[in-house]
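I have placed the structure first, in the form of structure tokens, so that the comments after it can refer back to it.
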Amino acid sequence: MCVAAKMKHLLLAAVFLFETFLHASTRSTAPSSEFRLDGNFLIGGLFDIHFAWGPGRHLRPEALDCSTQCFSISSYRRFQLMRFTVEEINNSTSLLPNVTLGYEMFDHCSDTLSFPGILKLISVNGQIQPWAEPNTKLSKVIAVVGPFTSTQSLTAAPLFMVDLIPMVNYGSSTSIFSKKAKFPSFLRTVHTNSDIIEVIVTILKHFQWRWVAFLYTADDYGSDGLDLFVKRIRDTDICIAYTKDLNADINFSRLFTHIELLRIRVIIVFTAEVAAKVLIKSAIHFNVTDKVWIANDAWSLNKQLPKMEEIRNIGTVLGVAQPIVTVPGFGDFIHSAKGQSECGYAGQQLCGNQVFNCSDWSAQTILEADPSFSFPVYSAVYAIAHALHKTLQCEEEGCSNITVYPNMVLAALQKSNFTLLNHTIQFDENGDLKFGLYFLVFWNRTGDAQKFGFYQFYPTANFYINSTEIIWYTNKEVPTSLCTPECPDGYARKQTYIHRCCFTCEICPNETYINVTEDPYNCISCKETEWSDEGSTSCNLRLVEYIQFTDMGAVLILVGAGTFVGLSGAISVLFAFNYNTPVVRSAGGPMCFLILGCLTLCSISVFFYFGKPTSASCILRYLPFLLFFTVCLACFVVRSFQIVCIFKIAAKFPKLQRWWTKYHGQWLLVTGAFTAQALLLIVSFSYDSPSPYNETSWNHDRIVLFCSLNLEATSFSFVLLGLLSCLCFIFSYMGKDLPKNYNEAKAITFCLLLLILTWILFVTIYMLYHGKFIQSLNALAVLCSLYSFLLWYFLPKCYIIIFQSHKNTPQYFQCLIQNYTKTISK
């Protein structure tokens, strides 16, 4: 309602201009035979037979005389096609029987200065009454065909929208006309700009052109095309390197210089036909070469430019073209019309902008003009006729005699569904076309537009290109248009400029790869189970490694562990049979069996260093050794202390000797060490227990299955072991000058030295060597630690028991002690 009110105020302001224009037409009173035809119902027609190019100076209120402007033969062809279509419908016996269609057409050559023709179409008896009641005093015009350009339609459409007079447009493709809230009675038989842009982008993608210029006319049509193109390429690899509106004052030399400096090889020309002609001729004049020009449907089928001799110098011209539908009988109509003196009166036909000098153009020239938008004109007139046919409820006998209002024709138009020359004519809810396709053409060397593909929109999108048909300016190879050449395989783009098409290339480091189809800008990290070299496009599976039980080194270590268990058992039996002998008693008596038992339990850890690690095997790899080796070291601390106490401390500190004996200090120390280590291990394993771990940092192409041990969490356990080792070494070293044959302390000292050397050697190898065999070396270090006590502490005592039984007597030991006492007293 608000829009209608504004339109009525606009109409009031235009009435004066319209009446002034009618009275000013004094050049002739001849009938406008080509522009007007009487009938029961009239169809308005707006065609830009002439066009105003450039910024004209408007110094006083007056309408533009179109006959003084530039002539367009292709628009005149479309004008004649509407005349032919009305005549064909009137001659039909099945469509609108006994009803005669007429037309009132005007030369609409300006966006803003050609309103008298529009006002004539909406006037009744030379008057416009915007305040009249709806559906009263309406014009005989039931619908309007045209105008051609989007800007013309934008200025003219509101005047027709007020009374819902249908506008069936054949050339305005700007997307704003799809908004029915603003243009409720606007329909069109041409595809929208979004369809044309979709085809152009598809061409760019197919040939991988990513660095393009976009030239457009400085009007609603060109600006809409640019906006749609920018939105469409937003998520693609295509970049607009340069844009420029082709106004009348443009400096073409500067334009082409910029394009050359930016190294652009593909130029999209989204303009009207007249602007494209000026551009191409300027490109020839300034010797622009080696370019691919992509034409929109407004000028892709131009007949003059491809015939120019220098046209091949500018490069290759591709185009998006409407399919050429041959209208039967149109050629005969043109020849017949030109054979008659319809121009008459010295070629002048006068009634406002119904003036045209047609004597300079032959029938053949008209027929050979650019046929673009011809079928849209033909189908637009037929769509109105079919809608009127339904509104009048026509049958074979004739049509009903009812009053027809434009809004009734509009309702029937919106439901159009008929076949015309094997094309189904339908409109969607926005009044846009629901049929058709675009051909892809290039200008060949004979000056013709040769097809090399198509893009079909309905019923489903279908795209085809046969690039071998195209004759490129490079002869055979498809031209390239890139800001930066594609990165080599394995390189990622690093965007350093505003445009994403301009970048540098950086090689992807180890353990990463690049997938250009997903993300050409970022190197993707490989999974933990995969690896890759520098500059890779994919990852490879890592080789999984661990020490199997069948490995030769594992077999030898396991045999050694089994032998150790056997020896420990044999020594325990030997000591049991000789339990009351001095050798067994001096070795620790009952504590010997505890040491041997703990050493045997420690050896269990060795068996879990092989095979595929599991959570349980990782715990059993460390727990038995850390826990029971602590008990062993505590026992040796007790033995070292007792030896030193017997020979050195007892005489000096008798109370300490009595307290140690009374409260069984040796067992208290062992129990305390065991309890402390057990608590420490429970806490540390609860916080972070040993678990299977994939070691990938050692070798990039393989995974070593490992067991992780949190050194921070278990640090107190290792501190306890180190403390016990230090105490044991201190006490045993204090007994180095004991009786020569009473070598308990010396044996313990030697065992500890072997233990320390073993682990120093293992840690050194661990830091230098990274591989799966480090686990075998770890198991070997554990086994060597156990063997050091078994061989250098227990085995000599077994030798005395078995082979030197004379030394295994109380008298022998008493003699050693007495001799040592005498030596000290001296």
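The values are calculated or read from the model by the stated rules, or taken from the named source; none is laboratory data. The structure displayed is predicted, hence computed values, not measured ones. Cβ coordinates were reconstructed from backbone atoms using ideal geometry, including for glycine residues, and neighbour counts include every protein chain displayed. The accessibility values were calculated without ligands, DNA or RNA, using every heavy atom of the protein model including side chains. Shrake-Rupley method; radii C 1.70, N 1.55, O 1.52, S 1.80 Å.
How far, in nm, would the chain grow between TYR769 and SER686 when pulled straight, counting 0.36 nm per residue and subtracting the alpha carbon separation?
On the way: separation 83, 0.36 × 83 = 29.88 nm, distance 3.06 nm.
My answer for the length gained is 26.8 nm.
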- Amide H to amide H, which residues 5 or more places from GLY535 or on other chains are under 5 Å from it, using H placed in the peptide plane? CYS508
- Task: Please work out how much length the chain gains when fully extended from ASN540 to TRP472, using 0.36 nm per residue of separation minus the C-alpha to C-alpha distance, in nm with one decimal.
- Result: 20.3 nm
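Holding the Cα-Cα limit at 22 Å, pick out from LYS277/LYS307; LYS182/LYS415; LYS205/LYS451; LYS281/LYS303; LYS244/LYS307 the pairs that are longer than that.
Working: LYS277/LYS307 12 Å; LYS182/LYS415 20 Å; LYS205/LYS451 19 Å; LYS281/LYS303 14 Å; LYS244/LYS307 27 Å.
Among LYS277/LYS307; LYS182/LYS415; LYS205/LYS451; LYS281/LYS303; LYS244/LYS307, the Cα-Cα distance tops 22 Å for LYS244/LYS307.
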- Note on the structure: For region 92-106, in residue order, the Karplus 3J(HN,Hα) values (coefficients 6.51, -1.76, 1.60; θ = phi - 60°; whole Hz; Gly and Pro = x) are 7, 9, 9, 9, 6, x, 6, 10, 10, 8, x, 8, 9, 10, 9
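Would you mind getting the accessible area per residue of the chain, heavy atoms of the protein chains only, 1.4 Å probe, in Å²? It would help to have the intermediate numbers written out before the result.
Numbers: 38800 Å² over 826 residues.
That works out to 47 Å² for each residue.
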- Note on the structure: Note: probe point = Cα of THR529 + 7 Å toward Cβ; backbone nitrogen < 13 Å; residues of region 682-713 passing the test are 694, 703
- Counting sequence-distant residues (5 or more places) and residues on other chains, those with an amide H built under 5 Å from that of PHE418 are ILE425
- Task: Quick one: work out the % antiparallel among DSSP beta bridges in the chain, nearest 5.
- Result: 50
- Note on the structure: Nearest-0.05 FRET efficiency for ALA570 and THR614 at R0 = 30 Å, using Cβ-Cβ distance, is 0.40
- Query: Using θ = phi - 60° and the Karplus curve 6.51 cos²θ - 1.76 cosθ + 1.60, what whole-Hz ³J(HN,Hα) does each residue of region 377-383 get, with Gly and Pro shown as x?
  - Reply: 5, 4, 6, 5, 5, 5, 4
- Message: Roughly how far apart, in whole Å, are the Cα centres of region 691-730 and region 608-643?
- Response: 13
- Evaluate the distance, in nm, between pseudo-label points positioned 7 Å from the Cα of THR550 and of ASN247 along their respective Cα→Cβ axes. 8.5
- Query: Mind listing the phi-derived Karplus ³J(HN,Hα) values for region 229-244, rounded to whole Hz, using 6.51, -1.76 and 1.60 with θ = phi - 60°, and x for any glycine or proline?
  - Reply: 5, 4, 5, 5, 8, 4, 9, 10, 8, 8, 10, 8, 7, 7, 10, 7
- Multiply the residue separation of GLN127 and LEU679 by 0.36 nm, subtract the distance between their alpha-carbon atoms, and state the gained length in nm to one decimal. 187.9 nm
- Message: Per DSSP helix of 4 or more residues, -39500 (n - 2.57); summed, then divided by the residues of the chain. What does that give at 222 nm, rounded to the nearest 500?
- Response: -14000 deg cm²/dmol
- Query: What order do you get for 759-768, 627-636, 170-179, 93-102 when each peptide is scored by the mean count of other beta carbon atoms within 10 Å, highest first?
  - Reply: 627-636, 170-179, 93-102, 759-768
- Item | CYS798 - accessible surface, heavy atoms, 1.4 Å probe, Å² rounded to 10 | 10
- Task: Pull up the cross-link candidates among the aspartates and glutamates for LYS797, meaning alpha carbon to alpha carbon under 15 Å and not fewer than 8 places away within one chain.
- Result: GLU744
- Hey, of (i) 51.3, 160; (ii) 31.5, 107; (iii) 33.4, 114, which did the structure itself give for Rg and Dmax of the Cα atoms in Å when calculated? (i)
- Rounded to whole angstrom, the alpha-carbon centroid of region 235-273 lies from that of region 160-233 at a distance of 19
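Sort out the exposed loop GluC sites (Glu not before Pro) in the chain (DSSP loop, at most 16 other Cβ within 10 Å) and tell me the longest stretch that has none. Don't skip to the answer; put the middle values down first.
Values: sites that count: GLU62, GLU342, GLU368, GLU395, GLU396, GLU397, GLU429, GLU477, GLU486, GLU518, GLU528, GLU534, GLU712.
With a cap of 16 other Cβ atoms within 10 Å, the longest stretch comes to 63-341.
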- Message: Under a crude label model (7 Å from the Cα following the beta-carbon direction), how far is LEU367 from ASP448 in nanometres?
- Response: 1.6
- Query: Could the peptides 421-427, 802-808 be put in order, highest first, of the mean number of other beta-carbon atoms found within 10 Å of their residues?
  - Reply: 421-427, 802-808
- What residues have an amide H closer than 5 Å to that of ARG702, excluding those fewer than 5 places away on the same chain, when H is modeled at 1.01 Å from N in the peptide plane? LEU543
- Output the peptides 700-706, 408-414, 67-73 sorted from most to least packed, where packing is the average of other Cβ atoms within 10 Å over each peptide's residues. 408-414, 700-706, 67-73
- Message: Tell me the carbon and sulfur percent of the accessible area for the chain, rounded to whole percent, probe radius 1.4 Å.
- Response: 58
